[in-house]
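Read the figures in this text as sums done on the coordinates, not as results from a lab. These numbers come from a predicted model, not from an experiment. For neighbour counting, all protein chains shown are included, and Cβ atoms are generated from backbone atoms with ideal geometry for every residue, glycine included.
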Amino acid sequence: MKYLQVVNWSAKGDSVHLDMLGEDQEVHSFDVSADCAGVLVGALAAEVEKLTGRDKEAQLIRPTGMQTGKTDEGEPILFMSIKGGAELPFVFKREVLDILISELEKLKGVLGGGGSEVRWR
């Protein structure tokens with residue numbers, strides 16, 4: 001189903017309610033939890049860039065800032081700010097933090113020269 005436009009939206013409790021006009025000319029309703037709203041915004045931005053972008057570079061999401069922290073439960077969290085001011089929160093399990101750090105160190109080594117390289121296509 002392709003959605004043509006947002007007819008109405010509102011915030012209700014801990015979710016965002018959307019009424020969208022579909023290509024079938026019917027209005028379809030969705031409720032999106034506020035917990036995943038940041039990820040949804042990022043995904044939608046990437047999809048819009050795929051449709052309107054002229055080249056692959058336009059399809060990439062380039063964070064404008066980054067901040068670390070922890071949740072109330074003590075889980076590591078990484079906030080990536082994107083153009084327009086939206087923040088994408090990435091919450092990790094404490095036990096995978098060492099893996100994340102290791103992968104970032106590998107990436108740093110690749111960027112510094114030598115080693116294997118993984119590219120997104």
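Worth a mention:
- In this calculation the C-beta distance from Lys93 to Ala11 is compared with R0 = 22 Å, giving a FRET efficiency of 0.15.
- Residues within the reach of a label modelled at Gln67 (point 7 angstrom out along Cα to beta-carbon, backbone nitrogen below 16 Å), restricted to the range 84-103, are 84-91.
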